[in-house]
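Remarks on the structure that follows.
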Amino acid sequence: MKVLAIGWVNTKRMLRERSNLFFVFILPIAIVLLVGAQFGGEFTPLIGVVAADDPLAEAVLDALGDEEAIDVLTYPEETLLVRAVERGVVQGGVILTDGMWEVAARGEPIRVEYLARPDQQQLREVVSSLVARVMAPVGAAQYAARHTGASFKEAFEIAQALLPSEEQIEVQVATVGEALFPPTLGRFDLGASQQLVLFVFLTALAGSSSLILTRRLGLSRRMLSTPTGVGTIVAGEAAGRFGVALTQGVYIMVATTLMFGVGWGDPLAAVALLVALSAVGAAAGMLMGATFDNDQQASGIGVMVALGLGALGGSMLPMELFSPTMRTVAHLTPHAWALDGFAELVRHDGTLVDIAGELGVLFGYAAVIGSVAAWRLRKAITT
Amino acid sequence: MLEARGLCKSYGDLVAVDGVDLVVAAGETYGLLGPNGAGKTTTISMIAGLLEPDAGEVVVDGRQITARSPKGKEAIGLVPQELAIYPDLTAAENLAFFGRLYGLGGRELAARVDQVLEVVGLADRRDDLTKEFSGGMKRRLNIGLGLLHSPKLLILDEPTVGVDPQSRNAILESVEALATGGIAVLYTTHYMEEAERLCDRVGIIDAGRIVAEGTRRELVSLVGQRDRVTIGGSGDPMATVAAVGSVPGVVEVTSSDHTIEALVEGASRLLPEILAKATAAGWNVTSVQVVEPNLEAVFLHLTGKALRD
Amino acid sequence: MRSTFRIAAKDLQLRIRDRSAVIIGVVTPLVLAFVFNLVFGGSVEGDVDLSYGVVDLDDSVISHAFVEVLDQLGEQGLVTVDRFDTYESAVAALESGGLDAFFVLDGGLGQAVTTGGRATIRVVGDVDAPTSTRIAASIAKRFAIGVETVGLALTTVQAIDPGMLPLGGDPTTAAGSFEIVEAATADRQLDPATYFAAGMAVFFLFFTVQFGVAGLLEESREGTLARLLAAPIPRWSVPTAKALVSFLLGVVAMSVLAFGTSLIMGARWGDPLGVAVLVVAGVTAATSIMGLVAAFARTPEGAGNLGSIIAVILGMLGGTFFPLGRGEDLLSKVSLVSPHAWFLRGLGDLAGGAPWHAALPAAGAMLVFAVACGVPAAVLLGRRLDR
């Protein structure tokens, strides 16, 4: 009972501080929203276009707009487009100048200016194939006009009419392999589990400062002066950290489900995973709270460690995109195991049995870190 | 040394200080006595140039003090009520930093730092971070910081709050020594004993006004209270009351079961005679207590409040 | 002025002794920039290396022409091209991650094209490399359209004058009716290492400068503010000293980070004078914003909490963790209400080796933040001292 009392007081203290409400409840949801809105779909490159008032220019612009591989953004003038390309706002730029039709009529080659940063030239091929499609009757008409004495306009109309309705050489596209992220995965699903893991740790580590304050303000000593054993106090502090982590975790799960329709898979297994994760977070927070004496430093270092481990453990960039070496490194962090567990539940309809390995590793982390933390905290309180 | 005239300060509708005049001469210790919220700290803040008064002026050592200008402030030493020291600096570093702000430097500063550390008894802890200090040591350093630049007027704002009796005694002794050294001291407290022990003159402040001012004796006579003599024992109360009442200078006598109480003009002079009369009336004396009228009583009389609440 | 320096010197001494400012201002961003670059550096979009394969089962003039097109692209450094003898070996290479996509030129392609029949070029891509696969498809289409254009040229001539064929002249010139011309662009985008280094640096800058301006609230709580105001120094020297501390801590932290990340992770911050201009403007803006926070807060903790929230919101908006918005959408415009965004944009403007004054517009924008927040902060803090 005393353990719960100490734990409850700690949870309450955290929730009472208004700024914590922002970091614990608002920020993670905001990030899930931003990340989902931004990266939820697959990445489609943007091509900026400046198109003059010219029939050929408009035809090219339409062809670019119809292409699935790119999205098109039009710019009113060249300087703006150049700046956008240079800044990486768009991945490539096409300038369709005035008088394309006249150039074509004179039988000269049409110049289409393509802009890209040196490391992003590849999209030029997409643009090039689309321009080629538009220019096919132009080329044919130029050739015909040159050799028959017909006017360009006349030849162009004929070539246009002769355009085959079907491509002579069809390009068939097929893909092989299993998709890393199945198409059924919602745009917020991946981000939600990533942020859950990141924030449970972040809050636990940054919250270590409150344990330091408890010690510094003499509250631990006062508790010790009551008929309460050291073991109970240590367990109570652990329960407090755990309560905070679990509160936040459950909140993120419920909020993302309700607001973004995020699926968490088998509820029992998902909660088990959250409990395991919260236990590791609580243990790590305790360890920091027992080790540091300066609460400001502890929360600074806590943020650093939490963000660093989060990045390494796949909470920011999915581990699927890591190199094999980095993926091995990632599995030194509890984050990676928790994310593997959530992926199993969400993407493969896993159950408790399927994530037994992940749960085992996480509880192992909690046991080891927790023991060291309890030992240090006991020393810190009693000496 | 200090002349403050007509100081006023309000915060919105709340009038914190309402026309305070204060004069403290060199070598004099002036006690400003009042309950919490009476306006002591606001008054002191205006005198020390922390706060701009709404009306009135402060002159220290012939120069006008305002919050807006640093001029004249070197004549004042302030010992604030809070422990205004940097916990992450050592005692010597705290002193050196504030010394520089008062324009001290070089050998003079080093010498003053050593001197002050000696005076407040912290010479052996000079290079320890003050966060390691006990409450009493911090208080002593707090006072040392006020003395560092040899001010002509030292203002102490409740310097003994929360101090153990030993340190408190040390603090009071050092303040007594200062006054004999010719410094003007303005001392606020709500501890009556301190004011009675230290101060040449006392001003009683209540609700932002000085309600009475003078030496202890003047204040007491202002109220006109007499010494109270309480004689414990057993015997015939009625006879004893009559006998004691017959002594010239005894104004009033009352009795209860085992005590006789007399209000007397000058207990020290009349006590032998009173005791003789009581014994003669068959009162078996077991205890005698004489209470002289004190500032506590004066204060109670003037403000209708006890000091310590 | 002298008292300002003395108070600032004392504060700096305290900050160094406390180490918190060093941990938050220098160590944390350095470690995080390093980790982020390690994790994300290789995968940031734009750094695409296209590896394609080709299986030529046709071995005709047409299929050779297509392989030649691929080789030309290879020579331009846009793609790498490997030849495979069988479909299976190419699939194996694709599945092992060695290829993004490959082309299959089935037997009969050349025959079909020369006889006007229909043919197919197959593109097989990695399911997780959609962009690379689409680019491969575009290359194949470009080739197909070229072939078709030649055919169209011939049928057009025939339609105008059926008796003219065969003609002199090369009909393949019809496919050359246009040219794609590379226009020169400067580089105004940060490479990943510099982006993470600068992003973390400016994100934590806002926490670092708090150690200065929020110190005013600490002095007030500790009671030392009364002692400072009682000293014969001008009143303004106290808040000025705090702002100076913020400024110095910020400039030192940013300088250490710029040097440190350049050395450790090869970040390229750009022209030193331009970077200095941006750092000074950024630190001034951060100091003003955190000064305003301190002016509104009652306790140091309150200032710390409010300041953290503001710093995190502005940091996220400003794209210090990931760029916000896409193209010219609303989110990318909203991003510009954050000085962080301007700092990164300013560095971007320097990225391609531009001279220092390329940073001036971004620096100017940050100074607008500095004035907009600094003036009310000074007024409010000044008023607070008088109470």
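Taking the stretch B:134-156 on its own, how many of its residues are over 16 Å from B:Gly99 (Cα atoms) and open to solvent by 10 Å² or more (accessible area, probe 1.4 Å)?
6
Residues are listed down the side, and each one gets a yes or a no for (1) open to solvent by 10 Å² or more (accessible area, probe 1.4 Å); (2) on the phi < 0 side of the Ramachandran plot; (3) part of a helix (DSSP H, G or I); (4) touching a strand residue (DSSP E or B) at 6+ places or on another chain (Cβ under 7 Å):
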site	(1), (2), (3), (4)
A:Val103	yes, yes, yes, yes
A:Gly107	yes, no, no, no
A:Val126	no, yes, yes, no
A:Ser129	no, yes, yes, no
A:Pro137	no, yes, yes, no
A:Val171	yes, yes, no, yes
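When residues of the stretch C:240-255 are filtered for being under 22 Å from C:Leu190 (Cβ atoms) and more than 21 Å from the chain's Cα centre (by Cα), how many remain?
Just the residues of the stretch C:240-255 that are under 22 Å from C:Leu190 (Cβ atoms), to begin with: C:250-251, C:253-255.
Now narrow it down to the ones that are more than 21 Å from the chain's Cα centre (by Cα): C:250-251, C:253.
Of the residues in the stretch C:240-255, 3 are under 22 Å from C:Leu190 (Cβ atoms) and more than 21 Å from the chain's Cα centre (by Cα).
Filtering the stretch C:114-146 down to residues that are more than 7 Å from chain A (Cβ to nearest Cβ) and more than 15 Å from C:Ser51 (Cβ to Cβ), which residue is modelled with the lowest pLDDT?
Checking each candidate, the answer is C:Gly116.
Inspect the stretch C:56-72 for any residue being modelled with pLDDT under 85, closer than 30 Å to C:Asp191 by Cβ and open to solvent by 30 Å² or more (accessible area, probe 1.4 Å) and give the result as yes or no. It would help to see each step written out before you state the result.
Filtering the stretch C:56-72 down to residues modelled with pLDDT under 85 leaves none.
No, the stretch C:56-72 contains no residue that is modelled with pLDDT under 85, closer than 30 Å to C:Asp191 by Cβ and open to solvent by 30 Å² or more (accessible area, probe 1.4 Å).
Of everything in the stretch B:60-88, what is out of contact with any Pro (no Cβ under 6 Å at 6 or more places or on another chain), open to solvent by less than 40 Å² (accessible area, probe 1.4 Å), more than 7 Å from chain C (Cβ to nearest Cβ) and in a strand (DSSP E or B)? Give them in sequence order.
Hits for the stretch B:60-88 are B:Val60, B:Ile65.
Does B:Ala91 count as open to solvent by less than 10 Å² (accessible area, probe 1.4 Å), in contact (Cβ under 8 Å) with a residue 12 or more places away in the chain and over 26 Å from the mean Cα position of the chain (by Cα)? Full working, then the answer.
On the way: open to solvent by less than 10 Å² (accessible area, probe 1.4 Å): yes; in contact (Cβ under 8 Å) with a residue 12 or more places away in the chain: yes; over 26 Å from the mean Cα position of the chain (by Cα): yes.
Criteria met by B:Ala91.
Applying the selection to the stretch C:147-169, what residues are over 15 Å from A:Gly139 (Cβ atoms) and more than 7 Å from chain A (Cβ to nearest Cβ)?
C:Gln158, C:Pro162, C:Gly163, C:Leu165, C:Pro166, C:Gly168
Any chance the stretch C:286-296 includes a residue that's within 12 Å of chain A (Cβ to nearest Cβ) and open to solvent by less than 50 Å² (accessible area, probe 1.4 Å)?
Looking for residues that are within 12 Å of chain A (Cβ to nearest Cβ) and open to solvent by less than 50 Å² (accessible area, probe 1.4 Å), one finds at least one in the stretch C:286-296, hence yes.
Of all residues in the stretch C:208-230, which are facing chain B (nearest Cβ under 8 Å) and β-branched (Val, Ile, Thr)?
Hit for the stretch C:208-230 is C:Thr224, nothing else.
Out of A:Glu17, A:Glu67, report the one residue that is within 12 Å of another protein chain (Cβ to nearest Cβ), under 31 Å from the mean Cα position of the chain (by Cα) and open to solvent by 40 Å² or more (accessible area, probe 1.4 Å).
Going through A:Glu17, A:Glu67 in turn, just one is within 12 Å of another protein chain (Cβ to nearest Cβ), under 31 Å from the mean Cα position of the chain (by Cα) and open to solvent by 40 Å² or more (accessible area, probe 1.4 Å): A:Glu17.
What are the residues in the stretch B:228-260 that are part of a strand (DSSP E or B) and either among the hydroxyl-bearing types (Ser, Thr, Tyr) or surrounded by fewer than 19 Cβ atoms within 10 Å (Cβ to Cβ) (or both), if any?
B:Arg228, B:Thr230, B:Gly232, B:Gly233, B:Ser234, B:Val251, B:Glu252, B:Thr254, B:Ser255, B:Thr259, listed by residue number.
State all residues of the stretch A:70-88 that are more than 8 Å from chain C (Cβ to nearest Cβ) and either assigned to a loop (DSSP other than H, G, I, E, B) or open to solvent by less than 50 Å² (accessible area, probe 1.4 Å) (or both); if no residue qualifies, say none.
A:Ile70, A:Val72, A:Tyr75, A:Pro76, A:Glu77, A:Leu81
Failed condition for C:Val283, given (1) in a helix (DSSP H, G or I); (2) without any contact (Cβ under 8 Å) to a residue 12 or more places away in the chain, with all others met?
For C:Val283, the failing item is (2).
What single numbered condition from (1) facing another protein chain (nearest Cβ under 7 Å); (2) touching a Gly at 6+ places or on another chain (Cβ under 8 Å) fails to hold for A:Val138?
Among (1) facing another protein chain (nearest Cβ under 7 Å); (2) touching a Gly at 6+ places or on another chain (Cβ under 8 Å), the lone unmet condition for A:Val138 is (2).
Answer yes if at least one residue in the stretch C:205-220 is small (Gly, Ala, Ser), in the same structural domain as C:Gly110 (by TED's automatic domain parsing) and open to solvent by 10 Å² or more (accessible area, probe 1.4 Å), and no otherwise.
no
Do we find a residue being under 17 Å from the mean Cα position of the chain (by Cα) and away from chain A (no Cβ under 14 Å) anywhere in the stretch C:320-339?
Checking the stretch C:320-339: at least one residue is under 17 Å from the mean Cα position of the chain (by Cα) and away from chain A (no Cβ under 14 Å).
Looking at the stretch B:111-144 only, could you name the residues that are assigned to a loop (DSSP other than H, G, I, E, B) and either of a type outside the set (Ser, Thr, Tyr) or farther than 18 Å from B:Asn169 by Cα (or both)?
Here is the first cut: in the stretch B:111-144, the ones assigned to a loop (DSSP other than H, G, I, E, B) are B:120-122, B:126-128, B:133-134.
If the condition is that a residue be assigned to a loop (DSSP other than H, G, I, E, B) and either of a type outside the set (Ser, Thr, Tyr) or farther than 18 Å from B:Asn169 by Cα (or both), then B:Val120, B:Gly121, B:Leu122, B:Arg126, B:Asp127, B:Asp128, B:Phe133 are the ones that fit.
For the stretch A:297-309, does any single residue satisfy the condition of being surrounded by 22 or more Cβ atoms within 10 Å (Cβ to Cβ) and among the polar types (S, T, N, Q)?
Yes - at least one qualifying residue is present in the stretch A:297-309.
Out of all the residues in the stretch A:193-227, which are free of Cβ contacts under 8 Å to residues at least 12 places away in the same chain and either part of a helix (DSSP H, G or I) or charged (D, E, K, R) (or both)?
Matches in the stretch A:193-227: A:Leu219, A:Arg222, A:Ser225.
Considering the stretch C:170-188 alone, what residues qualify as being facing another protein chain (nearest Cβ under 7 Å) and either in contact with a strand residue (DSSP E or B) (Cβ under 9 Å, 6 or more places away or on another chain) or without any contact (Cβ under 8 Å) to a residue 24 or more places away in the chain (or both)?
C:Pro171, C:Thr173, C:Gly176, C:Ser177, C:Phe178, C:Glu179, C:Ile180, C:Val181, C:Glu182, C:Ala183, C:Thr185
The values are calculated or read from the model by the stated rules, or taken from the named source; none is laboratory data. What you are looking at is a predicted structure, and each value in this text was computed from that prediction instead of being measured. Every residue, glycine among them, receives a Cβ derived from its backbone with ideal geometry; neighbour counts consider all protein chains shown. SASA here: full protein model, heavy atoms, side chains in, ligands and nucleic acids out. Shrake-Rupley method; radii C 1.70, N 1.55, O 1.52, S 1.80 Å.
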